[in-house]
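Colleague: Below is one structure. I have some questions about it.
The values are calculated or read from the model by the stated rules, or taken from the named source; none is laboratory data. If you're wondering where the values come from, they're calculated on a predicted model, not measured in any experiment. Using ideal geometry, Cβ is built from the backbone for each residue, glycine included, and neighbour counts are taken over all protein chains shown. To get the accessible areas, we keep the full protein, side chains included, count just its heavy atoms, and leave off ligands, DNA and RNA. Shrake-Rupley method; radii C 1.70, N 1.55, O 1.52, S 1.80 Å.
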Amino acid sequence: MNSQKSVMKRSRLSGLFPGCRVSVGFCAGLSLVGSMMFMSSLSAAPDNSAPAATKSMYYYYYFDQVQPLPLNQMQIAVFKSPQGRQLGLDQQLASFGITKADINEQWHSPGWALIDTPAQARNLSGVQQLVNEISQAGVVDFVSPVFIDDLGGPRVILQDLIIGFQENMEPQQMRAVLAQIDAGEILEEHYGDMPGVYRLRSNATNGYEALAIANRIAQRDDVIFSEPDMICSVQYDLIPNDTYFSDLWGLHNTGQNGTCQSSSGVNDMDMDCPEAWDITTGDSSIIIVILDDGVQLDHFDLNVTHAADFSGMGTGGYPGNECDNHGTAVAGTCSAVINNSSGVVGNAPTCSGASAKYSISNIPCNTGGTYSVTGFVDALTWAGSIGARVSNLSATLGGSNSSITNKYQSTYDNGMVHFSSTGNDGISSIGYPANLSTVNAVGSISDSGNRSTFSNYGSNMAFVAPGEEIRTTDRTGPDGYGGGNFTCTEGTSFSSPYAAGVAALILSVNDGMTASDVEYTMNTTCMDRGATGFDNFYGWGIVNAHDAMVLAGSVPANDNCGNATQIFGGPQPFSTIGATGAGPSEPGECSDFDNDVWFKYLAEWDGPIEISVCDANFDTVLAVYEGDCPTEPGTALACNDNGCGQQSKLTFTAEAWYFYPIRIGGKNGEEGTGTLEIVQAGECPADLTGDDQVNIDDIFAVLGLWGDCPDPCPPYCEGDITEDCTVNIDDIFAILGEWGPC
């Protein structure tokens, strides 16, 4: 499990009300609203006795970060099992001033309804009183307030809880804690195939109670995260129109002006798909899972071989209502059939598509919908169970959730490459989950190769792909966007699956790659756009299927010292995938040195130089030589096997403007990707502020960075002077030991 919880002790809200137990929103005579108002007032106090202040008195925890929950005073949500209904909801709720006109039952999955609150209850205390009274009356199975999520849509608290424990705990310890805190009935252990994560059915009868229980548990030091299951909104990143035919410029741009296009494109501003298909059109064993509102599985021009439903509608992966159109259009960009004399073609046409329906589109159709946290986690779990290597989410979710983040991490660690659209607001902000380090954020370009004006951008962007004026599959018959078999559309919803299709083609030629290997291959083969190298508008550039496949299936260009890549310092990405060369043997710890690649470094200064590959994703060996390519064994100036965990780091003394061959290889034949870092050693590592002085300012810098480095570590984080993966008192002692001018 990826531990994201700080080791620093946090405040205990339970300490404010010792011995209190949550029941129907009250604790020892103190109402939940009153207690949360009291806690909100404390949050502004300097003694840190409560979570950080928010603009809302309600909140949940995303790992150990407080996330505000603004209350929508206009609505509540209720669930009543269709099988258990004797009367209509309007009859069951009439005594609370609720009429049939107030009830929207065409919302989310069967059994759920959004209800307009009576006018007299449209305030904080009125909503809570209404929720409590309905739950106490027992006329429905569950009732919740409606909060406002990050997309402005409804966020509804559910009865179930998802709890993740610290890694070092044994299962019996976790079960003992759950019994001790009376969290509820255990429904699933190792939920979502995540070790130490439990799904429980709480004893709560309403959303206020479930939220309070989850927040209380979240404050324990032995818990990484605790959150209630939720229904949130989803915004599909699509801008539909009513055109049906287009030339597929995103696959092969000849400067054409198809029916779907408003003007002629620019020659070769595309993904080079026909060139890629000369190598392969894809391997059917490589599965791309489409996380969406369902895919029309019997569409004659789609290659979708796996399907399941996690939305509660029981569709088996098909669309469930007249507005569930998004997934079918998304699937066509990567999974449409090739050479069937009909329709369109996806960019990975003979890879296998999979429909994981996790969301339900809104009625009326407004490019949005709803989903539950457990439904999304279950969809990713299913994707792993069928062996999917690539996932695509063409949407922005209405809030961050610890269990979803954790599931993205675990599936990424197991080899699944994830893609998500950046969004269509045209702003410098990328939403969740595309902003996660385990998800590749994909923006959109037009047929001119320029970033689409609607495409969101930012520092965590990965790359761009065609997303304007895209012709793709539509639901057949009267359903869909245009009432036909194909449609013209645009949005980052389509750039993201195009990028996912490129990943599937890469894995088709080299299925031994890890997720980070695939990302490295895509990053380094993009067609650069914007500023040279990475930039916030285009990421690494336009994804290129042909060049990525060539790199994935070929020997690295710097496979031997004679073809070493010349560098001058700074970070340098590298890949040993497919490397065959083996330099001279080295003694001791470097004796097992295989599958190496070479760089030729021109030193820029005299003195000690540090070389490291600490962020590599495989067990590395590193050596540096002097002068020409080495031919004799044991001639390395320095060699290292495990200078930073399983990765390597060494220091040698250089003479300015001399060449030094650098050799990177794998232990026991391992291969992978990473970044070669070259820095001048002997500087002041304790000078965190860069003022050539080690002084009190550096101590303040350490205090501001206090806590664990992000997982994985190494690479070490800023402020970790002692390189022990945590910024703590040892780093302050290191500053004191180097006090004074550098």
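Colleague: Right, Thr476: assigned to a strand (DSSP E or B), farther than 23 Å from Cys526 by Cα and out of contact with any strand residue (DSSP E or B) (no Cβ under 6 Å at 6 or more places or on another chain) or not? If you could, list the steps in order and put the result at the bottom.
Modeller: Values: assigned to a strand (DSSP E or B): no; farther than 23 Å from Cys526 by Cα: yes; out of contact with any strand residue (DSSP E or B) (no Cβ under 6 Å at 6 or more places or on another chain): yes.
Answer is no for this residue.
Colleague: I'd like the full set of residues that are closer than 15 Å to Ser226 by Cα and under 22 Å from the mean Cα position of the chain (by Cα), limited to region 146-190.
Modeller: Of everything in region 146-190, those that are closer than 15 Å to Ser226 by Cα and under 22 Å from the mean Cα position of the chain (by Cα) turn out to be Leu161, Ile162, Ile163, Gly164, Phe165, Gln166, Glu167, His190.
Colleague: Is there any pair with a first residue in region 178-205 that is under 24 Å from Val140 (Cβ atoms) and open to solvent by less than 70 Å² (accessible area, probe 1.4 Å) and a second that is of a type in the set (Gly, Ala, Ser) and not in a loop (DSSP other than H, G, I, E, B) whose Cβ atoms are under 6 Å apart and which are 6 or more apart or on different chains, and what are they?
Modeller: Sorted first by the residue in region 178-205, then by its partner, the pairs are Ser202/Ala210; Ala204/Ala210; Thr205/Ser135.
Colleague: What is the residue count in region 479-498 for residues that are touching a strand residue (DSSP E or B) at 6+ places or on another chain (Cβ under 6 Å) and in a loop (DSSP other than H, G, I, E, B)?
Modeller: Number satisfying all stated conditions: 2.
So that you can scan it fast, the table gives a plain yes or no per residue for (1) in contact with a strand residue (DSSP E or B) (Cβ under 9 Å, 6 or more places away or on another chain); (2) acidic (Asp, Glu); (3) buried (at least 24 other Cβ atoms within 10 Å of the Cβ); (4) more than 21 Å from Cys334 (Cα to Cα):
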| residue | (1), (2), (3), (4) |
| --- | --- |
| Thr367 | yes, no, no, no |
| Ala379 | yes, no, yes, no |
| Ala383 | yes, no, yes, no |
| Ser394 | yes, no, yes, no |
| Tyr412 | yes, no, no, no |
| Ile427 | no, no, no, yes |
| Leu436 | yes, no, no, yes |
| Gly443 | yes, no, yes, no |
| Phe454 | yes, no, no, yes |
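Colleague: Residues to consider are Gly369, Gly384; find the one that is in contact (Cβ under 8 Å) with a residue 12 or more places away in the chain, out of contact with any Pro (no Cβ under 9 Å at 6 or more places or on another chain) and not in a helix (DSSP H, G or I).
Modeller: After applying the criteria, what remains is Gly369.
Colleague: Another question about this same structure. Just the residues that are out of contact with any helix residue (DSSP H, G or I) (no Cβ under 8 Å at 6 or more places or on another chain) and small (Gly, Ala, Ser), please, taken from region 701-740.
Modeller: Once the filter is applied, which keeps residues that are out of contact with any helix residue (DSSP H, G or I) (no Cβ under 8 Å at 6 or more places or on another chain) and small (Gly, Ala, Ser), region 701-740 yields Ala701, Gly704, Gly707, Ala734, Gly737, Gly740.
Colleague: Just wondering, is there one or more residues in region 508-515 that are among the polar types (S, T, N, Q), open to solvent by less than 40 Å² (accessible area, probe 1.4 Å), within 25 Å of Ser264 (Cα to Cα) and touching a Cys at 6+ places or on another chain (Cβ under 9 Å)?
Modeller: Looking through region 508-515, none of the residues is among the polar types (S, T, N, Q), open to solvent by less than 40 Å² (accessible area, probe 1.4 Å), within 25 Å of Ser264 (Cα to Cα) and touching a Cys at 6+ places or on another chain (Cβ under 9 Å).
Colleague: Among the residues of region 270-308, which ones are among the aliphatic types (A, V, I, L, M) and open to solvent by 30 Å² or more (accessible area, probe 1.4 Å)?
Modeller: Those that are among the aliphatic types (A, V, I, L, M) and open to solvent by 30 Å² or more (accessible area, probe 1.4 Å): Ile279, Leu297, Ala307.
A quick yes/no check of all residues on (1) acidic (Asp, Glu); (2) touching a Phe, Trp or Tyr at 6+ places or on another chain (Cβ under 6 Å); (3) farther than 19 Å from Asp270 by Cβ:
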| position | (1), (2), (3) |
| --- | --- |
| Val518 | no, no, yes |
| Tyr538 | no, no, no |
| Thr565 | no, yes, yes |
| Pro573 | no, no, yes |
| Ile577 | no, no, yes |
| Thr580 | no, no, yes |
| Pro587 | no, no, yes |
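Colleague: Return the total of residues in region 95-150 being of a type in the set (Ser, Thr, Tyr), outside any loop (DSSP other than H, G, I, E, B) and surrounded by fewer than 16 Cβ atoms within 10 Å (Cβ to Cβ).
Modeller: 2
Colleague: So, Thr689, is that one open to solvent by 40 Å² or more (accessible area, probe 1.4 Å) and at pLDDT 90 or above or not?
Modeller: Criteria not met by Thr689.
Residue-wise test of (1) without any contact (Cβ under 8 Å) to a residue 40 or more places away in the chain; (2) of a type in the set (S, T, N, Q); (3) farther than 22 Å from Ala383 by Cβ.
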| residue | (1), (2), (3) |
| --- | --- |
| Asp272 | no, no, yes |
| Ala308 | no, no, no |
| Met313 | no, no, no |
| Gly317 | no, no, no |
| Asn321 | no, yes, yes |
| Asn347 | no, yes, no |
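Each row is one residue, and each column tells you yes or no for (1) among the aromatic types (Phe, Trp, Tyr); (2) part of a loop (DSSP other than H, G, I, E, B); (3) crowded, with 16+ Cβ neighbours inside 10 Å; (4) over 28 Å from the mean Cα position of the chain (by Cα).
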{"residue": "Asp517", "(1), (2), (3), (4)": "no, no, yes, no"}
{"residue": "Leu551", "(1), (2), (3), (4)": "no, no, yes, no"}
{"residue": "Pro573", "(1), (2), (3), (4)": "no, no, no, no"}
{"residue": "Glu589", "(1), (2), (3), (4)": "no, no, no, yes"}
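Colleague: So Val330 passes all but one of these: (1) hydrophobic (A, V, I, L, M, F, W, C); (2) surrounded by fewer than 22 Cβ atoms within 10 Å (Cβ to Cβ); (3) part of a helix (DSSP H, G or I). Which condition number does it fail?
Modeller: (2)
Colleague: Sticking with this structure for a sec: Condition check: small (Gly, Ala, Ser), surrounded by fewer than 17 Cβ atoms within 10 Å (Cβ to Cβ) and modelled with pLDDT of 95 or more. Does Gly316 satisfy that? Steps first, answer last, please.
Modeller: On the way: small (Gly, Ala, Ser): yes; surrounded by fewer than 17 Cβ atoms within 10 Å (Cβ to Cβ): yes; modelled with pLDDT of 95 or more: yes.
Yes; evaluated as a whole, the condition is true for this residue.
Colleague: Separate question: Would you check if there is a residue in region 463-470 being open to solvent by 30 Å² or more (accessible area, probe 1.4 Å) and either part of a strand (DSSP E or B) or touching a residue at least 24 places away in the same chain (Cβ under 8 Å) (or both)?
Modeller: yes
Colleague: Mind telling me which of the residues Tyr658, Tyr601, Tyr625 ends up being farther than 30 Å from Gly415 by Cα, crowded, with 23+ Cβ neighbours inside 10 Å and without any contact (Cβ under 8 Å) to a residue 60 or more places away in the chain?
Modeller: Tyr625
Colleague: So Asp592 fits all but one of (1) free of Cβ contacts under 8 Å to residues at least 40 places away in the same chain; (2) farther than 19 Å from Gly570 by Cα; what number is the exception?
Modeller: With (1) free of Cβ contacts under 8 Å to residues at least 40 places away in the same chain; (2) farther than 19 Å from Gly570 by Cα applied to Asp592, the lone miss is (1).
Colleague: Do we find that Ala557 is without any contact (Cβ under 8 Å) to a residue 24 or more places away in the chain and of a type in the set (Gly, Ala, Ser) in this structure?
Modeller: Yes, satisfied.
Colleague: Here is a further query. Given the conditions (1) closer than 17 Å to Phe537 by Cβ; (2) touching a Leu at 6+ places or on another chain (Cβ under 8 Å), and given that Gly443 satisfies all but one, which numbered condition is not satisfied?
Modeller: Single failed check for Gly443: (2).
Colleague: Any residue at all in region 432-448 that's over 19 Å from the mean Cα position of the chain (by Cα) and farther than 22 Å from Gly346 by Cβ? Please lay out each step first, then the result.
Modeller: Pass one, region 432-448, residues over 19 Å from the mean Cα position of the chain (by Cα): 445-448.
Next cut, farther than 22 Å from Gly346 by Cβ only: 448.
Within region 432-448 (the criterion being over 19 Å from the mean Cα position of the chain (by Cα) and farther than 22 Å from Gly346 by Cβ), the answer is yes, since at least one residue qualifies.
Colleague: Among the residues of region 553-571, which ones are open to solvent by less than 20 Å² (accessible area, probe 1.4 Å) and assigned to a loop (DSSP other than H, G, I, E, B)?
Modeller: Listed by number, the residues that qualify are Pro556, Asn558, Asp559.
Colleague: Another one. Mind checking which residues of region 191-219 are assigned to a strand (DSSP E or B) and either among the polar types (S, T, N, Q) or more than 23 Å from the chain's Cα centre (by Cα) (or both)?
Modeller: Result: Leu200, Arg201, Asn206.
Colleague: Does Ser56 satisfy the condition of being modelled with pLDDT under 90 and either among the hydrophobic types (A, V, I, L, M, F, W, C) or more than 26 Å from Tyr371 (Cα to Cα) (or both)?
Modeller: Here the answer is no, as Ser56 does not meet what is asked.
Colleague: Next up: Going by what's in this entry, would Ala356 be described as at pLDDT 95 or above, in a helix (DSSP H, G or I) and small (Gly, Ala, Ser)?
Modeller: Judged against the criteria, Ala356 is not a match.
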